[in-house]
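*Asks:* First the structure, then my questions, so here it is.
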């Protein structure tokens, strides 16, 4: 049996999903992406939030170029039929617009396909060793995991083009300024911080989390009037008993006050 390249642990309401090819710097190949999809679906069934992290010295050094070289070799067999959806696109969309929110815990190299995966998460925590890169321009290839859409929407065309054309990398603080990260923590603390955030997120009602991760990002694709109509449709749905109970707790002054994210 082939060794698992994704680790999975259920910690209360939080699913911890780890990229587990440390000897390959967690390079993304087809086997890993298939296992990742399975883990994300499992998290959607049994957890309320998820964390994605990398085992070893980095989050992910990107696409497994050795596998790519075999696939595009002149004598490699070419599939007669196209897949209905690209495997990476389908898997990363399961994270970005699936059943539960995800927090990415990043450290070390987060480049190429690794960055495309990280930007599928809803919140990104980086430690100070993290650096971001898009070396596709220097490798003779192009982004293929949704980065042309997802990364560009986060950092803008100019920054993405600079990174791809010149090979420029961004450190943790530069990544935060470019909106690739919401939190920067000391080395070795990203996973703990991401898990704390995921536990907090898991306490929200599932329907609210779903609207934040599935409805809200689609608003940018709508006109002003259609966006407001979409918001109206979602706010006028029947509320769950849990949501009504939470409103009553707040009105009765029984709800816990908001705390800063760093609080344990």
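The values are calculated or read from the model by the stated rules, or taken from the named source; none is laboratory data. Keep in mind the model is a prediction, meaning the values are calculated, not measured. Neighbour counts are summed over all protein chains in view; Cβ atoms, including those assigned to glycine, are modelled from backbone coordinates with ideal geometry.
*Asks:* Checking residue 185 against (1) surrounded by fewer than 18 Cβ atoms within 10 Å (Cβ to Cβ); (2) touching a helix residue (DSSP H, G or I) at 6+ places or on another chain (Cβ under 6 Å); (3) farther than 15 Å from residue 122 by Cβ, which test does it fail?
*Replies:* Condition not satisfied by residue 185: (1).
*Asks:* Now for a different question. From the list 169, 159, exactly one residue is within 22 Å of residue 63 (Cβ to Cβ) and touching a residue at least 40 places away in the same chain (Cβ under 8 Å). Which is it?
*Replies:* On the way: 159 fails: touching a residue at least 40 places away in the same chain (Cβ under 8 Å).
Sole residue among the options that is within 22 Å of residue 63 (Cβ to Cβ) and touching a residue at least 40 places away in the same chain (Cβ under 8 Å): 169.
*Asks:* Regarding the stretch 87-107, can at least one residue be identified that is at pLDDT 95 or above and farther than 22 Å from residue 212 by Cβ?
*Replies:* Yes, there is a match, as at least one residue in the stretch 87-107 is at pLDDT 95 or above and farther than 22 Å from residue 212 by Cβ.
*Asks:* Quick check, is residue 225 part of a helix (DSSP H, G or I), without any contact (Cβ under 8 Å) to a residue 60 or more places away in the chain, in the same structural domain as residue 10 (by TED's automatic domain parsing) and over 20 Å from the mean Cα position of the chain (by Cα)?
*Replies:* no
*Asks:* Taking only the stretch 151-171 into account, find how many residues are part of a helix (DSSP H, G or I) and in contact with a helix residue (DSSP H, G or I) (Cβ under 7 Å, 6 or more places away or on another chain).
*Replies:* Initially, the stretch 151-171 is screened for residues part of a helix (DSSP H, G or I), giving 151-155, 157-166.
Retained after the next criterion (residues that are in contact with a helix residue (DSSP H, G or I) (Cβ under 7 Å, 6 or more places away or on another chain)): 151-152, 160, 164-165.
Matching residues across the stretch 151-171 total 5.
*Asks:* So, residue 180, is that one assigned to a helix (DSSP H, G or I), assigned by TED's automatic domain parsing to the domain that holds residue 106, in contact with a strand residue (DSSP E or B) (Cβ under 9 Å, 6 or more places away or on another chain) and surrounded by 14 or more Cβ atoms within 10 Å (Cβ to Cβ) or not?
*Replies:* The answer is no for residue 180.
*Asks:* Check off (1) under 18 Å from the mean Cα position of the chain (by Cα); (2) over 16 Å from residue 131 (Cβ atoms) for residue 157 and give me the number that stays unchecked.
*Replies:* The failed condition is (1).
*Asks:* Check every one of the strands (runs of 3 or more DSSP E) wholly within the stretch 3-54 and list those with 3 or more residues that are more than 13 Å from residue 102 (Cβ to Cβ).
*Replies:* On the way: elements: 6-11, 14-19, 49-54.
Hits in the stretch 3-54: 6-11.
*Asks:* Would you mind stating whether residue 158 is loosely packed, with under 14 Cβ neighbours inside 10 Å and modelled with pLDDT of 90 or more? Lay out the reasoning, then the answer.
*Replies:* Details: loosely packed, with under 14 Cβ neighbours inside 10 Å: yes; modelled with pLDDT of 90 or more: yes.
Considered against the rule, which asks whether it is loosely packed, with under 14 Cβ neighbours inside 10 Å and modelled with pLDDT of 90 or more, residue 158 comes out as yes.
*Asks:* Additional query: Would the stretch 246-259 turn up any residue that is surrounded by 14 or more Cβ atoms within 10 Å (Cβ to Cβ) and at pLDDT below 95?
*Replies:* Initial filter on the stretch 246-259 (surrounded by 14 or more Cβ atoms within 10 Å (Cβ to Cβ)): 246.
Those still in the list that are at pLDDT below 95 too: 246.
The answer is yes; a qualifying residue exists.
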